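A.B. asks: Let me give you the structure first, and then I'll get to my questions.
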Amino acid sequence: MASHPRDLTVAPPEFLRLAAHPLRWRLLTELADGDHRVRELVERVGEPQNLVSYHLRLLRDGGLVTARRSSFDGRDGYYRLDLERCARGLAASGAALHPALRQEPPALPRRHATGTPSRRPAVLFVCTGNSARSPIAEALLRHHTAGRVTTV
């Protein structure tokens with residue numbers, strides 16, 4: 001039986017290396033529910049604070065999560081899932097596995113008969129408080145409209 005030689009030195013894509021760790025995957029899924037402080041994530045995942053902080057740093061360095069200070073008093077830091085970076089990383093991982101999993105780029109804007117680009121409707125999402133409802137709504141809009149609607 002013939003086998004295909006594979007280069008075993010090819011590393012998995014960065015997204016997979018970051019997201020495949022069980023604790024980091026759990027942190028990503030918790031952050032998919034909304035922005036959280038480190039102490040909230042510690043409670044949710046049931047791991048020590050230093051371990052959670054270490055893995056959050058790896059996710060932040062890899063661009064899958066972002067951190068920001070509270071706008072109220074600047075003392076609390078909130079972590080947020082970067083849905084666009086995760087989506088791009090997941091798509092790139094699929095394409096690295098097989099060319100058939102490569103996603104097509106979004107369609108170019110349609111042009112009017114005059115040759116000028118047509119205006120796409122624009123939507124502004126505003127989040128009050130420290131939740132991820134607006135980023136999730138934005139990501140869902142982008143996904144379901146395939147680039148036909150822009151966000152502001």
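A.B. asks: Filtering the range 103-152 down to residues that are part of a loop (DSSP other than H, G, I, E, B), at pLDDT 75 or above and not aliphatic (A, V, I, L, M), which residue is surrounded by the fewest Cβ atoms within 10 Å (Cβ to Cβ)?
C.D. replies: Just the residues of the range 103-152 that are part of a loop (DSSP other than H, G, I, E, B), to begin with: 103-110, 112-116, 118-121, 124-132, 146-149, 152.
Remaining after also requiring at pLDDT 75 or above: 103, 121, 146, 148-149.
Those left that are additionally not aliphatic (A, V, I, L, M): 103, 121, 148.
Details: GLN103: 12, PRO121: 8, ARG148: 15.
Result: PRO121.
A.B. asks: Also: Need the failing condition index for ASP61 against (1) touching a Lys or Arg at 6+ places or on another chain (Cβ under 8 Å); (2) under 25 Å from LEU97 (Cα atoms), just the number.
C.D. replies: (1)
A.B. asks: Quick check on this structure: which one of ARG60, ARG44 is at pLDDT 95 or above, more than 20 Å from PRO135 (Cα to Cα) and touching a strand residue (DSSP E or B) at 6+ places or on another chain (Cβ under 8 Å)? Give the derivation first.
C.D. replies: Numbers: ARG60 fails: more than 20 Å from PRO135 (Cα to Cα).
That would be ARG44, the only listed residue that is at pLDDT 95 or above, more than 20 Å from PRO135 (Cα to Cα) and touching a strand residue (DSSP E or B) at 6+ places or on another chain (Cβ under 8 Å).
A.B. asks: Checking ALA2 against (1) exposed (fewer than 14 other Cβ atoms within 10 Å of the Cβ); (2) at pLDDT 95 or above, which single condition isn't satisfied?
C.D. replies: (2)
A.B. asks: Filter the range 56-97 down to the residues that are surrounded by fewer than 15 Cβ atoms within 10 Å (Cβ to Cβ), in contact (Cβ under 8 Å) with a residue 40 or more places away in the chain and of a type in the set (S, T, N, Q) and list them by number.
C.D. replies: SER70
A.B. asks: Here's a follow-up. For the range 63-76, which residues satisfy the criterion of being under 19 Å from SER134 (Cβ atoms) and not charged (D, E, K, R)?
C.D. replies: Matches in the range 63-76: LEU64, VAL65, THR66, ALA67, SER70, SER71, PHE72.
A.B. asks: Please find, within the range 70-102, the residue that is modelled with the highest pLDDT out of those that are part of a loop (DSSP other than H, G, I, E, B) and either charged (D, E, K, R) or outside the structural domain of TYR54 (by TED's automatic domain parsing) (or both).
C.D. replies: Here the answer is ASP82.
The values are calculated or read from the model by the stated rules, or taken from the named source; none is laboratory data. From a predicted model like this one, the values you see are computed outputs, not experimental measurements. With ideal geometry, Cβ positions are generated from the backbone for all residues, glycine too; neighbour counts draw on all protein chains shown.
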